[in-house]
Amino acid sequence: SNTSADDAAVYAFPDKWMFRLGAYVVDGADTQISVNSDVGLGTSIDYERDLGGEDGETIPRIDAYYRFNNRHRIDFTAFSVSRKGERTLALDLTIGDENFTASETISSEINYTLYKLGYNYSFYHSPKVELSISAGINLTDYELKFIDSTGAKFETADVSVPLPMFGLRMGYAITPKWSVRYVSEAFFIEIDDALKGALLNYELSTEYKLFKHFALGVGLARQALDVDVNDDNWRGSISDGYRGYNVFGTLYF
């Protein structure tokens, strides 16, 4: 139609549909876990140092958007990080109701899944630049597992929460084929006294259109999660940081 031709002529990033499949390479993870027991203050754990947790992983990641017009669009993101650890303890450790003693071997797992659905409003959209603010919801599922070598001692905690999300996005078309994008997002939550926290997300990426409908790109990504939990099966806190980079292919229509 004439409308789509006009949009292509006038606006940067005119495509109606975007689908991106990428590899998120986490090359630095830093996790601090505090688990409060029924007796006393509990334990503070450095996941990498104390439990031999992996500090990196490569995972698939999906991003997509649908543009209603040059001002309004819907965004979607999904990925899941799973890290494992195994360590023979140097000292006694209390996790929840279980007491793990020195010289016992603990296997552990952290699973972190994120689904994000957001609405973007482009308050400035020119032939070169798109600036937009976003708001939406982010479903975060966070699971911790600890088990000794015999399987007799087992402790698990799972938090699944929808978080409201607010963000700022910037896109700059250096040429019609080559572009740079920046994303900054924050997620905040407080549910009674049971859960309080924030998640921050920063991404800087560049991509090049090899063909009309296909581009290749690379980017830097950093996420930081900070949550205090106080419910029946888990009292404590998590401070979890991930940094790494994305390598991706994008389809545009």
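A count restricted to region 126-169 and to residues that are β-branched (Val, Ile, Thr) and over 16 Å from the mean Cα position of the chain (by Cα) stands at 5. When ALA152 is tested against (1) of a type in the set (A, V, I, L, M); (2) without any contact (Cβ under 8 Å) to a residue 24 or more places away in the chain; (3) surrounded by 14 or more Cβ atoms within 10 Å (Cβ to Cβ), exactly one condition is not met: (3).
With respect to (1) within 30 Å of ALA135 (Cα to Cα); (2) of a type outside the set (Phe, Trp, Tyr); (3) at pLDDT below 85, the lone exception for HIS72 is condition (3). Within region 161-172, residues that are on the phi < 0 side of the Ramachandran plot sit with their Cβ atoms under 7 Å from residues that are open to solvent by less than 10 Å² (accessible area, probe 1.4 Å) and not in a strand (DSSP E or B), at 6+ positions apart or across chains, in these pairs: GLY171/ALA12. Taken over region 139-160, the residue count meeting the criterion of being in a loop (DSSP other than H, G, I, E, B) and on the phi < 0 side of the Ramachandran plot is 4. Here GLU185 meets the list (1) under 20 Å from ARG222 (Cβ atoms); (2) over 14 Å from the mean Cα position of the chain (by Cα); (3) surrounded by 15 or more Cβ atoms within 10 Å (Cβ to Cβ) almost entirely, failing just condition (2). Residue check: PHE211 meets all listed conditions (1) outside any strand (DSSP E or B); (2) touching a residue at least 40 places away in the same chain (Cβ under 8 Å) but one, namely (2). Comparison of ASP193, ASP228 shows that the only residue that is in contact with a strand residue (DSSP E or B) (Cβ under 8 Å, 6 or more places away or on another chain) and not in a strand (DSSP E or B) is ASP193. Among the residues of region 210-226, at least one is of a type in the set (Lys, Arg) and either exposed (fewer than 15 other Cβ atoms within 10 Å of the Cβ) or within 17 Å of the chain's Cα centre (by Cα) (or both). Of all residues in region 111-125, those that are more than 19 Å from the chain's Cα centre (by Cα) and not hydroxyl-bearing (Ser, Thr, Tyr) total 2.
I want to confirm something. Restricting to region 5-16 and keeping residues that are acidic (Asp, Glu) and at pLDDT below 85, which single residue is surrounded by the fewest Cβ atoms within 10 Å (Cβ to Cβ)?
Of all residues in region 5-16, those acidic (Asp, Glu) come to 6-7, 15.
From the residues that got through so far, the ones that are at pLDDT below 85 too are 6-7.
Working: ASP6: 12, ASP7: 18.
Per the stated criteria, the residue is ASP6.
TYR245 satisfies every condition listed in (1) farther than 19 Å from ILE62 by Cβ; (2) touching a residue at least 60 places away in the same chain (Cβ under 8 Å) except (1).
The values are calculated or read from the model by the stated rules, or taken from the named source; none is laboratory data. Note that the structure is a prediction, hence the values are computed from the model and not measured. Cβ atoms come from the backbone with ideal geometry, glycine included; neighbour counts cover every protein chain shown. Keep in mind that these areas ignore ligands, DNA and RNA; they rest on the heavy atoms of the full protein, side chains included. Shrake-Rupley method; radii C 1.70, N 1.55, O 1.52, S 1.80 Å.
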